[in-house]
Amino acid sequence: MSESSRSEASQAGVEPRPRAREIGLRLALVALLVIADLWSKSAVFAWLQSSPLPEGMSYDDHGHHRYKIFGEWFSFMLSWNPGMAWGFDKLPTWLLVGGRCGAVGFLLWLVVRSSPVQRVMTSALVLILSGAAGNLYDNLFMAPRRVGARFGEVRDFLDVYFPVWDWHFPTFNVADACITVGAVLLILSSLLAPRAAAKP
């Protein structure tokens with residue numbers, strides 16, 4: 001779509017569609033973020049499971065095997081999550097993984113069709129799609145750890161600990177961080193959209 005066509009579409013109240021180059025850039029960014037997630041998980045898990053164990057590994061008072069990065073509050077800690085965020089694993093795994101597959105497909109459709117005018121929303125969708133795809137990879141391609149399980153578990157390794165309250169934030173990974181930042185941007189875009197529409 002040419003610039004003049006975009007301008008006419010915008011004036012007519014119709015959201016312009018992204019060009020092929022824009023779509024390609026979005027998908028390339030998704031691929032880079034997924035690669036970063038998968039590489040970081042593979043690298044950290046291989047390192048912390050190596051023999052002998054890396055110097056600095058220790059068990060805390062709760063039995064967590066941790067490698068401290070920044071004092072007590074930020075560490076690497078290996079965790080396999082069979083469920084959703086925050087350790088919620090009440091849903092059957094087939095329903096959870098099926099839902100993730102559907103979400104990835106829907107998010108991909110949104111990323112491809114998102115208007116180039118809505119930059120914040122598009123960035124949010126790219127981040128959320130990247131995170132969802134990274135975690136879905138673990139479900140589909142990692143070997144199940146539990147007897148009778150049909151799907152792999154999501155690898156988490158980033159651990160934030162608050163000594164003041166003796167509380168661990170749920171262990172997460174790069175994909176989870178992408179989803180969280182994307183969700184915040186999505187909320188911001190929904191809050192900013194009415195203001196932009198109100199301008200003459």
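Details
- Filtered residues of segment 101-131 (kept if more than 14 Å from Leu29 (Cα to Cα) and touching a residue at least 40 places away in the same chain (Cβ under 8 Å)): Arg113, Ser114, Ser115, Pro116, Val117, Gln118, Val120, Met121
- Candidates are the residues of segment 158-200 that are among the charged types (D, E, K, R) and modelled with pLDDT under 85; the one that is farthest from the chain's Cα centre (by Cα) is Lys199.
- Among all residues of segment 119-140, there is none that is part of a loop (DSSP other than H, G, I, E, B) and farther than 18 Å from Asp37 by Cα.
- Residues within segment 136-165 that are farther than 14 Å from Asn81 by Cβ, touching a residue at least 40 places away in the same chain (Cβ under 8 Å) and not aliphatic (A, V, I, L, M), tallied: 4
- Leading residue by the ranking (surrounded by the fewest Cβ atoms within 10 Å (Cβ to Cβ)) among those in segment 114-146 that are more than 20 Å from the chain's Cα centre (by Cα) and farther than 20 Å from Gly98 by Cα: Val117
- In segment 1-50, the qualifying residues are those that are of a type in the set (Asp, Glu) and at pLDDT 95 or above, and the one that is farthest from Ala175 (Cα to Cα) is Glu22.
The values are calculated or read from the model by the stated rules, or taken from the named source; none is laboratory data. Quantities reported herein were computed from a predicted structural model and do not represent experimental measurements. Please note: Cβ atoms are built from the backbone with ideal geometry, for glycine as well, and neighbour counts cover all protein chains shown.
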